[in-house]
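Comments concern the structure below.
Only the coordinates and a few stated rules stand behind these numbers; no lab work does. What you see is a predicted model, and the numbers here were worked out from it, not measured in a lab. FYI the Cβ positions are ideal-geometry reconstructions off the backbone, even for glycines, and counts take in every protein chain you see.
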Amino acid sequence: MEWLRSALLPPQGSAFAGEIDFVYMFILWLSIVLFVGIVGAELYFVWRYRYVPGRPTPHQTHNTKLEIIWSVLPLLLCVGLFFWGIDGYMKFAVAPGDAMEVQVTAKKWLWQFEYPDGTRTVNEVHLPADKPVHFVMTSEDVLHDFYVPDMRVKRDVIPNRYSEIWFTPTALGEHVSTCAEYCGKGHSDMHAKVFVETKEKYEEWMATGGDEWMKHTPEEWGKIQYEQKGCATCHSLDGAKSKGPSWKGIWGKMEKLQGGKTVLVDEAYVRESMLQPQAKVVEGFEPVMPTFQGLLRENEIRGLVAFIKSLK
Amino acid sequence: MEHTLTPGAVLGDRPRPEKNYLNETTGIWSWMTTIDHKRIGIMYLCGVSTAFLIGGVFALLVRLALLNPQHTLFGRVWVTAETYNRFFTLHGVVMVFLFIIPSIPASLANFVLPMMLGAKDVAFPRLNLASFYLWVGGAIFGITAMVLGGVDTGWTFYTPYSTTTDGSVGLMVMAAFILGFSSIFTGLNFIATVHKLRAPGMGWFDMPLFVWGIYATALIQILATPVLAITLVLLLLERTYKIGIFDPAYGGDPVLFQHFFWFYSHPAVYIMIVPGMAIISELIPTFSRKTIFGYRAIAYSSVSLALLSFIVWGHHMFVAGESDLANVVFSALTFLVAIPSGVKVFNWLSTMYKGNISFETPMLYALSFLFLFAIGGLTGIFFSTLAVDIHLTDTYFVVAHFHYVMMGSTVIAFFGGIHYWWPKMTGRMYSEKWGAIACALIFVGFNMTFGSQFIMGGQGMPRRYFNYLDKFQPIHAFSTYGSWVLAVGLFMMAINLLVSLKTGKRAPDNPWGGTTMEWESSSPPVFHNFEHQPVLEHEPYDYRHRTVTHV
């Protein structure tokens, strides 16, 4: 039945995904049996007792024995499923003590991850395989929800509160997390990449931030940051107005600021806008951009500057 | 006098009265000031049908926006995320508050419930009219909110998004507040009517099961709706005066809002589904020409669903920040809902066993209901099982599940009810052929639209998503094509019914051979419903006494 499972559910990425899928498939087959029973009886009766003019019908008002049976049997089934359901739920209610802790901050519309050693990433998280990871999450604005379908975990992320999930990633490779609690315009673009890596590869990434940047020109590297760090949610490349100014043709322009001053869009201003976005807000836009201080490595800032420069 | 050739019709052997409730008085003013429950029911039917049309157009726009991931139509991008968010919010708000909550109780039950009891009207006819005008007032607020920029909060108004976003949230919340009172007044009226206005000889267990269902619904309406009113007032206060109740920025708790909201809105789900089940309990015995099986079990199951509806709200919040203990308790309570729901299905099937079943349009809807409600109910088990709920909640799986219950069950039953009582309400028969074709298209279109969404949801497609991963494209497109088939079926149904008003055959008093009291009136009924006070002479659904008698 693996073909049916994989048609209906995503790949299994965590240690307990298999167990949850087993419960899912059990309920599915139970439902199919009951559905075939109900609709089968319906269709059979419709055919067998179709209308014949004048045929009398028996006056059957009730049958206590039968009615007790069809009340108690489903009840027993439900009691069984209930215990099975909480058994699975309780397994991932409390994280084991040796789990790696990652702090997650959600805001419109990006995910920020902070590792125990202070390393921070945006919209991507790297996890070592087969080691339990414990996410402690909070939101800076409205409700969000951290949902990784492959891991079968989901939990609302709430302002002024911490919520948590944990799982043990097992499937190497790239998985996607999505926001599953409606949060406005960028809701459906609020994804993060979840990379599950071997221990060696993970440690190498932690040490260097990866060597990916060396394989690209600064402009290309900037474009990758533009897509990964959430810039694309608010800044267009084609001149279209969004939450923030479009980057098309912005380099070298004199921009009018709130309060009437003007500023030249150069290296210094672009850098400042990433690290202290509230300092100089362009007229006609609201000061809604979150700071990227500590979130962008130096090579990433340089890439973004080069990328903006290239957008004529 | 013409008669249709419907099998089993009991032909009235008396001349049609010249005056009936439709022509007793004339002119628009006579309708606007009427206190006749039948006219108010008809006005409600027009009102909720208009709301269904508006909500349906938003639904089609939602599906159209998801036709392809580029959101293009004829090669041009036509919709943005902001617009899409307004589409699905308005679809939800209109369908829930303006359409489905008042649909069956305020229109069909308003018309037939007093007649089923052998009464001349509801207990408080003026309150009934007041309830209708409150509905109109709520609708005006709602439409104003739509025109003035719309709302993008989702129909659930979750805080703190709803207290911080732009748009006409205040007006829309006022609309829901006013509509709540309309619903309370209707419920109050039905409870008093059922208690006080039953025909001579009619005890509680002689009432038609439709009345039992509407009575159970009315209990929920008057007990749960005030909580919604309180919640919405608190939301407005917070939005206007920045008082910290739900928004953490002012020291409030967003999860508290969800508790308050679902404390009403879960019972509201039963305000929607129990009347639908109540209609099915009428249709199946009538078209099976056999007494209902397990009358008391069905009556009690309606009431127990109403009671259970108050203690399962937490299952909407399994991942929302509820404690693990609360989750476990709500999971257990939620499983209990399966029992009365199952009892009803088994009783309906047993009623059909050894029946004499014919397939007029109302019965086709009842048969569709059994199929769709089975899917809607069984997929509920996935959500009450905690471990599986975590993966499926807030995805298309839940969207599909509740559409199978709300649209596939309640609305299908509503259509069945409209076709069933149409001859009584209008005095006209519609085309059975077109009625059947429309029903088939609606059935196929509905399953295409929402059946496919179970697959997307299981695969991890979250709800309320404007952009989606390319892998979902074929299924999204299929679902959108389904919505077109569904729309064609709905228009066909509407045209068939409207055409019958002009060209339909004259309806006999009892076209289907029903056994409940409303069929003892003429079609359409006279102003006071019956020429003589009907007296209960046998239990409802007793097919050993087929002749309709009058005192």
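Rounded to the nearest Hz, the phi-derived 3J(HN,Hα) couplings of the range B:166-177 under the Karplus curve 6.51 cos²θ - 1.76 cosθ + 1.60 (θ = phi - 60°) are 6, x, 8, 4, x, 5, 5, 5, 4, 4, 5, 4, where x marks glycine and proline. Which three semi-axes in whole Å describe the equivalent ellipsoid of the range B:31-520, each the square root of 5 times a Cα gyration tensor eigenvalue, listed largest first? Equivalent ellipsoid semi-axes, largest first: 34, 26, 23 Å.
Over the range A:170-312, what lengths in whole Å, largest first, do the semi-axes of the equivalent ellipsoid take, defined as the square roots of 5 times the eigenvalues of the alpha-carbon gyration tensor? Working shown, then result.
Details: eigenvalues 177, 73, 34 Å².
Semi-axes, largest first: 30, 19, 13 Å.
Count the DSSP beta bridges whose two residues both fall in the protein assembly as shown, then state the antiparallel fraction as a percent rounded to the nearest 5. Beta bridges within the protein assembly as shown, antiparallel portion: roughly 75 percent.
Name the longest site-free stretch of chain B, where the excluded sites are trypsin sites (Lys or Arg not before Pro) in a DSSP loop with no more than 14 other beta-carbon atoms within 10 Å.
Details: sites that count: B:LYS19, B:LYS242, B:ARG544, B:ARG546.
By the stated rule (loop sites, at most 14 other Cβ atoms within 10 Å), B:243-543.
Run through the range A:254-312 and list the chymotrypsin sites (Phe, Trp or Tyr not before Pro) located in a DSSP loop whose Cβ has at most 16 other Cβ atoms within 10 Å.
Passing sites in the range A:254-312 are A:PHE285.
For chain B, which span is the longest to avoid every loop-located (per DSSP) member of GluC sites (Glu not before Pro) having at most 13 other Cβ atoms inside 10 Å?
Values: sites that count: B:GLU2, B:GLU18, B:GLU537.
Formally, the longest exposed-site-free interval is B:19-536.
Mean sequence separation of contacting Cα pairs (under 8 Å, at least six apart), scaled by the length of the range A:216-310, corresponds to a relative contact order of 36 percent.
Of B:CYS46, B:CYS439, A:CYS179, A:CYS78, the sequence from fewest to most neighbouring Cβ atoms within 10 angstrom is B:CYS46, A:CYS78, B:CYS439, A:CYS179.
For A:LYS243, give me every one of the lysines with a C-alpha distance below 18 angstrom, ignoring sequence neighbours fewer than eight places off in its own chain. Partners found: A:LYS107, A:LYS108, A:LYS185, A:LYS229, A:LYS256, A:LYS280.
The HN-Hα couplings worked out from phi for the range B:483-492 by the Karplus form 6.51 cos²θ - 1.76 cosθ + 1.60 (θ = phi - 60°) are 5, 6, 4, 4, 5, 4, x, 5, 5, 4 Hz, whole numbers, x standing for Gly and Pro.
Provide the net charge surrounding A:LYS229, with neighbours chosen by a C-beta distance below 10 Å and charges set as Lys +1, Arg +1, Asp -1, Glu -1. Please list the in-between numbers first.
Working: positive: none; negative: A:GLU124, A:GLU227, A:GLU300.
Net local charge, A:LYS229 excluded: -3.
What list do you get for B:TRP484, B:TRP421, A:TRP221 if you sort them by fewest beta carbons within 10 Å? Spell out each step's value before the answer.
Details: B:TRP484 15, B:TRP421 25, A:TRP221 21.
Least crowded to most crowded, the residues run B:TRP484, A:TRP221, B:TRP421.
Reported to the nearest whole Å, the Cα centre-to-centre distance from the range A:132-203 to the range B:435-455 is 35. Roughly speaking, what is the centre-to-centre gap between the range A:17-88 and the range B:86-103 when only Cα atoms are used, to the nearest Å? Between the Cα centres of the range A:17-88 and the range B:86-103 lies a distance of 32 Å.
Net charge in the neighbourhood of B:VAL398 (other residues with Cβ under 14 Å of its Cβ; Lys, Arg +1, Asp, Glu -1) is -1. Shape class for the range A:242-312: oblate, because the ratio a/c of the largest to smallest gyration tensor axis (alpha-carbon atoms, square roots of eigenvalues) is 1.5 or more and b/c is at least a/b. Remark on B:ASN510: its backbone amide H falls under 5 Å from those of B:VAL10, B:GLY12, a criterion applied only to residues 5 or more positions apart or on other chains, H modelled at 1.01 Å from N. If I take every Cα pair under 8 Å that is 6 or more residues apart in chain B, average their sequence separation and divide by the length, what percent do I get for the relative contact order? Answer for chain B is 20 percent.
Count, for each residue of A:189-199, the Cβ atoms from other chains sitting within 10 Å of its Cβ, then give me the mean as a whole number.
Details: counts 4, 2, 2, 0, 0, 0, 0, 0, 0, 0, 0.
For peptide A:189-199, the averaged partner shielding equals 1.
Compute the separation of the alpha-carbon centres of the range B:39-81 and the range B:145-198 and state it in Å as a whole number. Each part reduced to its Cα centre gives a spacing of 20 Å. Taking 19 Å as the straight-line reach from the Cα of B:LYS433, the lysines in range (excluding those fewer than 8 positions away in the same chain) are B:LYS502, B:LYS505. Classified by the C-alpha gyration tensor, the range A:2-91 has an oblate form. Its axis ratio a/c, with a ≥ b ≥ c, is 1.5 or above, and a/b does not exceed b/c. For the residues A:THR105, A:THR198, A:THR170, a GNM of chain A with alpha-carbon springs under 10 Å puts the largest fluctuation on A:THR198.
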